[in-house]
Each structure stands twice: as structure tokens, then as C-alpha cells.
Amino acid sequence: MRPDVAIGELSERAMLPSEHPVCLIDENGRPQPDRRYALPSAEQLVAGYRGMVIGRRINDQCSALVRQGRLAVYPSSHGQEACQLASVLALGDEDWLFPTYRDTIAVMARGVDLLETMVLLRGTWHSGYDPTKYRVAPQATPLATQLLHAVGVAHAATLQGQKTVVLALCGDGATSEGDFHEALNFAAVFNAPVVFLVQNNQYAISVPLHRQTKAPSLAHKAIGYGMPGVRVDGNDFAALQAVVTEAISSARAGQGPTLVEAHTYRIEAHTNADDAARYRDQSEVTEWIPKDPLIRMKTYLTDAGLLDSDLQKLIEHEANEQAAVLRHGLNKDVELDPAVLFEHVYSVPTPQLREQAALLADELEREDAQ
Ligand SMILES: Cc1ncc(C[n+]2csc(CCOP(=O)(O)OP(=O)(O)O)c2C)c(N)n1
Ligand SMILES: [Mg+2]
């Protein structure tokens with residue numbers, strides 16, 4: 001016995017991730033028995049598939065809208081739709097989501113209006129939706145900063161006697177940030193009801209995972225903070241939903257945070273501004289194509305008699321309709337007043353800010369006069 005160690009040997013082991021990521025439906029669409037996790041219900045799986053088909057269509061539509069100059073930037077989650085959908089569908093209405101720039105599909109799956117979601121990536125306003133209305137924080141671009149905010153919201157909810165759980169998303173690269181460490185440490189020490197879901201898509205722009213960490217897996221980091229770490233197949237909607245649902249229940253029951261690492265792959269370039277061919281071989285991408293989360297789910301549902309061509313057509317029709325809403329909405333020009341850039345920075349603008357606002361106003365006036 002080590003009296004200085006508060007956690008027993010068994011619970012230490014329980015904090016370590018399994019050797020292989022949890023998988024309930026393999027890449028061939030075949031169900032895999034698992035001792036710990038049960039397959040979600042047929043209804044949940046069909047809802048997940050529907051959401052993923054719509055999510056894929058929106059991902060691809062937004063990438064096209066960037067090329068047409070209608071969106072400033074779009075970090076696509078093509079191939080990561082299972083992570084986006086499974087985690088959000090596991091949340092209750094009272095819960096909160098803290099997404100990153102890559103989690104647009106998760107934000108939409110939470111019920112945020114499609115066009116309101118795209119405001120930030122279009123660059124027309126700081127965030128287009130009311131975070132408190134949807135219980136979705138603005139999509140964070142500064143890596144890992146949202147994790148600290150997520151823990152703060154979770155801790156505040158506990159202090160107020162609420163049963164809220166917070167789902168905090170981040171990428172593999174974000175785990176190298178100091179904020180990641182501080183957020184996980186605080187969450188564990190204060191037993192905050194947070195589920196950290198790391199979408200390990202193998203790259204942080206051009207930096208591959210092996211240049212990011214020497215840990216056996218990202219989920220292994222959990223034991224260092226005193227919370228369980230779980231590895232899950234990030235292209236398996238069923239496994240993700242089972243794992244995240246359990247982590248949420250555990251947090252809601254007062255058992256503290258969990259770190260979930262989803263193994264997936266960034267199929268497209270980091271954003272439209274990136275050329276992935278400069279740092280990775282196309283053969284690596286090709287290898288991941290058959291592992292696609294939509295293909296395996298379609299095979300499983302079809303074999304289980306839960307999906308036929310009529311339902312498939314219906315879902316595709318819905319996906320096309322949502323893509324059309326985005327196209328039409330984003331094809332409309334917006335009237336912008338550049339002066340509003342200076343609003344909402346500080347409640348009382350600083351002298352520097354006032355000076356910059358005056359400079360801009362002067363410049364615009366002179367441009368108009370020309
Ligand atoms: C604090 C901070 N440092 C650097 C950047 C620049 N940056 C933007 S995305 C990115 C890579 C992040 O990779 P990862 O966390 O794996 O997420 P992914 O883009 O793969 O979803 C970097 C370094 C940033 N946004 N914020
Ligand atoms: Mg990444």
C-alpha cells in the first residue's frame with residue numbers, strides 16, 4: 001500500500017484506456033460484441049445515420065461555398081461526422097456544448113440555425129447565434145481555450161445545484177496546449193461534470209500525432225489528472241455514442257470528468273488555405289476511405305433491415321434541402337458597417353480602440369470621396 005496515493009490499484013487500472021479503441025460496429029459494418037458497452041437502440045442508430053448523411057452533405061456544400069467565395073474559411077469535418085453526431089446526440093437539453101472551429105456539424109446537430117452557425121466562418125460577425133439560447137458556446141479558434149471555459153461553466157452549474165453536464169471538444173494538437181492541462185487538472189480536482197472529447201484526426205495542420213506526443217495514446221493522459229481515459233473508434237457512431245453516453249451519465253451522477261479519445265482521420269486539408277499534399281502521402285488518405293463512418297453504418301443498418309432505399313432517398317432529400325438553405329442564404333450579400341468591429345470589445349472602449357475607430361472612419365470617408 002502507498003499511503004500517499006489516494007487512489008487504489010484497481011481504480012488506477014480503471015483509469016487507463018483499453019489496449020484497443022472501443023468498437024461496436026467494425027469497418028465492414030459488422031456488429032462487434034463488447035463486454036462493457038451495449039449497442040445503442042435501432043432508433044438511435046437510424047437518427048445517427050440520418051444526422052451523418054446530412055452532416056456530410058453540409059460539410060461538402062460548405063467546402064464548395066468557400067471555393068465560390070461565399071465563405072471565408074471552412075474547416076471541414078468530412079470523415080469525422082460520427083464524432084460530431086454521436087457526442088451531441090448524447091447530450092440532454094440542460095447540457096452545454098463547447099465546440100472548436102471544426103465542429104460546425106456538431107453545432108448544427110445541437111439545433112442551432114444553419115445560417116446563424118455560418119456567420120462566424122463567413123466572417124460577418126463574431127458569432128451568429130445566442131450561446132445561452134442553444135447552450136452552445138461560440139466555436140473557438142484559439143486552441144484549447146474553450147476547455148477552460150467549459151470547466152468553469154460545469155463547476156458553476158454544480159455550485160448552483162444543477163445537473164448540467166458539459167461536453168468539451170478539442171483536437172489532438174490542442175492537447176499540447178497549457179490550457180488543456182489546466183482544464184483537465186481543474187476538472188478532476190473539483191470533480192467537475194465535464195466530458196472531454198478529443199477528436200484525434202492524426203494531424204494538427206501539418207504536424208502528425210507522433211510529433212505531438214510521446215504518450216502511448218492521448219487517453220493515457222487522463223490518469224495523470226486522476227480521471228478515466230477511454231479510447232474509441234472515432235468512425236464508429238455506435239461506439240462513440242455508447243462511450244460518451246456513459247461518460248455523461250457518470251459526470252451527471254457526480255463521478256467527475258472523463259477524457260475520451262476518438263481515433264479518426266482528417267480526410268480533407270486543414271482548411272481551404274492548406275495544401276495537405278505538401279506533408280502527407282495520398283496513400284494514407286486512401287487507406288482511411290473504407291473506414292468511413294457513413295459507409296459502415298449504412299451496411300449495418302441495411303443488413304439489420306433498418307434502412308431501405310426509400311428511407312435512404314428520404315434522408316438524402318432532407319440533406320439536399322438543408323444544403324440548399326445554406327446555398328441560398330449565403331449567396332445573399334450582407335450590408336456591413338465596418339465601424340461595428342469596435343463594438344463589444346470592451347464595455348468602455350479604450351483610448352487606443354477609439355483612435356483606431358476614428359482612423360478607420362476617416363479612411364472610409366476618404367475612399368467614399370474618391
Ligand atoms: C493557441 C493557438 N495556437 C495556434 C493556433 C493555430 N492553429 C490553428 S488550428 C491548429 C491545429 C490544431 O490541430 P488539432 O487540435 O489537432 O485540431 P484539428 O484542426 O486537427 O481539428 C493550429 C496550430 C491557434 N488557433 N491557437
Ligand atoms: Mg487534429
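Count of segment 262-284 residues, restricted to those that are more than 12 Å from ligand 1 (Cβ to nearest atom) and under 17 Å from C170 (Cα atoms), is 1. Based on what the data block shows, is N235 within 18 Å of E19 (Cα to Cα), of a type in the set (S, T, N, Q) and out of contact with any helix residue (DSSP H, G or I) (no Cβ under 6 Å at 6 or more places or on another chain)? Answer is no for this residue. Taking the criterion of being of a type outside the set (D, E, K, R) and within 16 Å of ligand 1 (Cβ to nearest atom), the residues of segment 247-261 that qualify are L259, V260. In summary, D130 fulfils each of the numbered conditions (1) within 16 Å of ligand 2 (Cβ to nearest atom); (2) surrounded by fewer than 22 Cβ atoms within 10 Å (Cβ to Cβ); (3) acidic (D, E) with the single exception of condition (1).
Scanning segment 193-226 for residues being farther than 24 Å from A269 by Cα and surrounded by fewer than 24 Cβ atoms within 10 Å (Cβ to Cβ) gives a total of 9.
The set of residues in segment 349-364 being in a helix (DSSP H, G or I) and surrounded by 10 or more Cβ atoms within 10 Å (Cβ to Cβ) consists of L353, R354, E355, Q356, A357, A358, L359, L360, A361, D362, E363, L364.
Within segment 139-171, take every residue that is surrounded by 19 or more Cβ atoms within 10 Å (Cβ to Cβ) and within 24 Å of R70 (Cα to Cα) and give me the one that is farthest from ligand 1 (Cβ to nearest atom). In this case the residue turns out to be Q139. Given (1) within 18 Å of P75 (Cβ to Cβ); (2) hydroxyl-bearing (S, T, Y); (3) not in a loop (DSSP other than H, G, I, E, B), where does S127 come up short, assuming only one miss? Result: S127 passes all but (3). Note on segment 7-102: enclosed helices (runs of 4 or more DSSP H) holding 2 or more residues that are in contact with a Pro (Cβ under 9 Å, 6 or more places away or on another chain) and within 16 Å of ligand 2 (Cβ to nearest atom) are 81-89. Just to be sure, is M108 without any contact (Cβ under 8 Å) to a residue 60 or more places away in the chain and either outside any helix (DSSP H, G or I) or out of contact with any His (no Cβ under 6 Å at 6 or more places or on another chain) (or both)? So M108 fits the description; yes. In segment 140-234, counting only helices (runs of 4 or more DSSP H) that sit wholly within it, none holds 3 or more residues that are within 15 Å of ligand 2 (Cβ to nearest atom) and outside the structural domain of R36 (by TED's automatic domain parsing).
The values are calculated or read from the model by the stated rules, or taken from the named source; none is laboratory data. Please read all numbers here as calculations on a predicted model, not as lab measurements. With ideal geometry, Cβ positions are generated from the backbone for all residues, glycine too; neighbour counts draw on all protein chains shown.
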